[in-house]
Amino acid sequence: MKFLAVIRQVPDGESRLKIEGGRVDLSGATLILDQMDEWAVEEVIRLQEKHGGESVVVALGPERAEEALRTALAMGIDRAVHLVAEGYLDPITQAEALAEVIRAEAPTLVFTGGQQADWDSQALGPALAEALGWPVVSWTTQIELESETQAKALHDLDEGAERVRVALPAVFTSQQGLNEPRYPTLPGIMKAKRKELKKLPLSAASKAEVLEQTIQERTRLNKLIDGKDPVSAAHELVRLLHEEAKVI
Amino acid sequence: MILVVLEHDGQRLRKSALEAIGRARQLEALGPLAGVVIGENTQAVAQEASQYLPTVYVAEVGGYTAEKWAEAAYAAVQKSGAQVVIASGGRQGRTWTARLAYRMKAGLLEDTLETRAEGNHIVATRYSFLNRVTERQRAALPVVLTAKPNTTPPAEPQGSGGVEVLNVALPTGVEVLERLSEQKKGVSLTEATIVVTGGRGLGSPEAFAKVEELASVLGAAVGATRAVVDAGWRPYSEQVGQTGKTVQPNAYIALAVSGAVQHQAGMNKSKYIVAVNKDAEAPIFKIADYGIVGDVHQVLPALIEAAKKLKD
């Protein structure tokens, strides 16, 4: 069996973002393996630990994404493939390029993050599934392999969740609660440096372009009431919400 | 042709469907409108939909899977020749629309706040970087777009249309074994105009009952922070934040919520933010419009009483 994770490198949520020439400038930001992709990597490693076989991590992104691939290798993934492309590519175009690599790898299943922490896209997993002609299970919180061609999974819906049986190969996207990712160990980090990382240049035209990015922080009223007298504070707050904000 | 995929509960169109129709009408320069109702118990819903749209397709495909929805929507696209597809941007909507966009080789504009036609392009505004950045994206037709809930006024009925049944070959691959519904009678979190969220500072699941009580008095949806969900007090489906739901209500009332960046990613675009926290330095107060610095155990019961009095 072969388990494959698709990952991206994104700015840490705590990093300060700045805008330069109408674009987000990441030069000062701490870049990390996307937290939701980290769950995907962890799950792929656990599946390999349980069922044997091979684990592979694939990224589509700029040169710097290699750091995130190394993190996944340090966590325990066997080898990496890096489709190198700078700049914004829409998820449909990404899926098309990734599908080619994944088809050749012929994994038992693919795991990727539920949402990207930079482009806020949730589309890559399902678009990839469509490109491969496979089913997709998004927002997965549990997965259990029943055989090489069948898995059971629990995943979130708009409201509530459901248990499904899925024909493999399939694409799964991660959700919080799936697992608690391991930290790379020092020996793991050393080993990762020697693991195979294959680079493939990619040139593709995006179907959507980003025209401009801005940071619009709403000016907040900051009207704070002292809660020493809870009853009068509560009345004042309800009055403000009713009469001033007119929201209740 | 613009095709609107209409969310429903088997009886009526959801508010998000009326918002999607509203969004489609804003793009009318790109062609006439049609709708499609997908799922189970679609007939009555399709009748309702025909009061809003000149053509309504209906595909009775049973319970949800992304594969079935993409297949049915694609059948409606082929039948109508639509170059633009509009759907609501929930988790499910953003899953199957990605499949559909790939199949149509379309540009995908996700979770859009506003959209306008520009020649044979659509320009959309959306958030990125965990809701911290606002960006404009442009894609040439064909385009599949999802509309963020609560960003468009719901459409009013207009004219009357015909209903046409689509036959869809059902894809297999995913078999639903069990639905773990938290489909309570309450207000849907992503569609709610008021959200009342409780944080770990409440101290216990019992104390959280008061959050529900305030929500019920205000007709609001209940939200929870990740810490509360991790502690098992509330289900994941109520989680607001980076890995939970993103909400943008008129009023977001955060009770004993400190306001970590990951939580803010799910609510920082709310029209008014209201916070109750005993720590005046809590990050939530930096983005609050109104707040009470005080003990939630004392303030919350008083808020319930004050809200009840207002509603009487």
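Structure data summary
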read-out	value
Options B:Tyr64, B:Tyr57; residue that is outside any helix (DSSP H, G or I) and either crowded, with 24+ Cβ neighbours inside 10 Å or not assigned by TED's automatic domain parsing to the domain that holds B:Arg91 (or both)	B:Tyr57
Hey, B:Ala169 open to solvent by less than 60 Å² (accessible area, probe 1.4 Å) and away from every other protein chain (no Cβ under 11 Å) or not	no
Boolean, B:Glu206 is without any contact (Cβ under 8 Å) to a residue 24 or more places away in the chain and assigned by TED's automatic domain parsing to the domain that holds B:Lys269	yes
Some residue of region B:125-142 being more than 7 Å from chain A (Cβ to nearest Cβ), touching a Phe, Trp or Tyr at 6+ places or on another chain (Cβ under 6 Å), open to solvent by 10 Å² or more (accessible area, probe 1.4 Å) and at negative phi	no
Filter result for B:Val293 (open to solvent by 20 Å² or more (accessible area, probe 1.4 Å), at pLDDT 90 or above and either closer than 14 Å to B:Gly199 by Cβ or touching a Gly at 6+ places or on another chain (Cβ under 6 Å) (or both))	yes
Tally, over region B:121-141, of residues that are over 19 Å from the mean Cα position of the chain (by Cα) and in contact (Cβ under 8 Å) with a residue 60 or more places away in the chain	2
Test: B:Leu130 is in contact with a helix residue (DSSP H, G or I) (Cβ under 8 Å, 6 or more places away or on another chain), at pLDDT below 95 and outside any helix (DSSP H, G or I)	yes
Matching residues, region A:92-105, being more than 9 Å from every other protein chain (Cβ to nearest Cβ), surrounded by fewer than 24 Cβ atoms within 10 Å (Cβ to Cβ) and either assigned to a loop (DSSP other than H, G, I, E, B) or not small (Gly, Ala, Ser) (or both)	A:Thr93, A:Glu100, A:Val101, A:Ile102, A:Arg103, A:Glu105
Exclusive hit being among the charged types (D, E, K, R), out of contact with any Leu (no Cβ under 7 Å at 6 or more places or on another chain), in the same structural domain as A:Gln150 (by TED's automatic domain parsing) and part of a helix (DSSP H, G or I), set A:Glu49, A:Glu86	A:Glu49
Selection count, region A:106-128, where residues are at the interface with another protein chain (Cβ under 7 Å from one of its Cβ atoms) and either β-branched (Val, Ile, Thr) or touching a helix residue (DSSP H, G or I) at 6+ places or on another chain (Cβ under 9 Å) (or both)	7
Near pairs, Cβ below 9 angstrom, 6+ apart or cross-chain, from region A:213-239 (in contact (Cβ under 8 Å) with a residue 24 or more places away in the chain and on the phi < 0 side of the Ramachandran plot) to any residue that is among the polar types (S, T, N, Q) and surrounded by 13 or more Cβ atoms within 10 Å (Cβ to Cβ)	A:Gln213/B:Ser128; A:Gln213/B:Thr134; A:Thr214/B:Thr134; A:Ile215/B:Thr134
Region B:215-236 - residue that is more than 19 Å from B:Gln248 (Cβ to Cβ) and open to solvent by less than 20 Å² (accessible area, probe 1.4 Å) and, of those, nearest to the other protein chains (Cβ to nearest Cβ)	B:Val229
Of the criteria (1) within 21 Å of A:Ile225 (Cα to Cα); (2) open to solvent by 20 Å² or more (accessible area, probe 1.4 Å); (3) at the interface with chain A (Cβ under 9 Å from one of its Cβ atoms), which one B:Asp279 fails	(3)
Qualifying residues in region B:237-276 (those that are of a type in the set (Lys, Arg) and open to solvent by less than 40 Å² (accessible area, probe 1.4 Å)) - the one farthest from the chain's Cα centre (by Cα)	B:Lys269
Criterion (crowded, with 24+ Cβ neighbours inside 10 Å and either in the same structural domain as B:Arg25 (by TED's automatic domain parsing) or within 29 Å of A:Phe172 (Cα to Cα) (or both)) met by exactly one of B:Ala44, B:Ala70, B:Ala75	B:Ala70
Test for A:Ile225: is it open to solvent by 20 Å² or more (accessible area, probe 1.4 Å) and over 25 Å from the mean Cα position of the chain (by Cα)	yes
Single residue of B:Arg116, B:Arg94, B:Arg103 found to be of a type in the set (Lys, Arg), at the interface with chain A (Cβ under 7 Å from one of its Cβ atoms) and more than 16 Å from the chain's Cα centre (by Cα)	B:Arg103
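Residue-wise test of (1) among the charged types (D, E, K, R); (2) at positive phi; (3) open to solvent by less than 50 Å² (accessible area, probe 1.4 Å).
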| site | (1), (2), (3) |
| --- | --- |
| A:Gly13 | no, no, yes |
| A:Gly22 | no, yes, yes |
| A:Ile32 | no, no, no |
| A:Asp37 | yes, no, yes |
| A:Glu42 | yes, no, yes |
| A:Glu49 | yes, no, no |
| A:Ile77 | no, no, yes |
| A:Ala85 | no, no, yes |
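This table checks each residue for (1) away from chain B (no Cβ under 11 Å); (2) at pLDDT below 95; (3) part of a strand (DSSP E or B); (4) surrounded by fewer than 15 Cβ atoms within 10 Å (Cβ to Cβ).
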site: A:Leu154; (1), (2), (3), (4): no, no, yes, no
site: A:Arg163; (1), (2), (3), (4): no, no, yes, no
site: A:Val166; (1), (2), (3), (4): no, no, yes, no
site: A:Thr173; (1), (2), (3), (4): no, no, yes, no
site: A:Ala192; (1), (2), (3), (4): yes, no, no, no
site: A:Leu200; (1), (2), (3), (4): yes, no, yes, yes
site: A:Ser203; (1), (2), (3), (4): yes, yes, no, yes
site: A:Glu217; (1), (2), (3), (4): no, yes, no, yes
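This table checks each residue for (1) surrounded by fewer than 17 Cβ atoms within 10 Å (Cβ to Cβ); (2) under 26 Å from the mean Cα position of the chain (by Cα); (3) aliphatic (A, V, I, L, M).
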position: B:Val144; (1), (2), (3): no, yes, yes
position: B:Lys148; (1), (2), (3): no, yes, no
position: B:Thr152; (1), (2), (3): no, yes, no
position: B:Ser160; (1), (2), (3): yes, no, no
position: B:Val165; (1), (2), (3): yes, no, yes
position: B:Leu177; (1), (2), (3): yes, yes, yes
position: B:Leu180; (1), (2), (3): yes, yes, yes
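The values are calculated or read from the model by the stated rules, or taken from the named source; none is laboratory data. Every value quoted in this text rests on a predicted model; they were computed, and no experiment measured them. Cβ coordinates were reconstructed from backbone atoms using ideal geometry, including for glycine residues, and neighbour counts include every protein chain displayed. Ligands, DNA and RNA are excluded from the accessible area calculation, which covers all protein heavy atoms including side chains. Shrake-Rupley method; radii C 1.70, N 1.55, O 1.52, S 1.80 Å.
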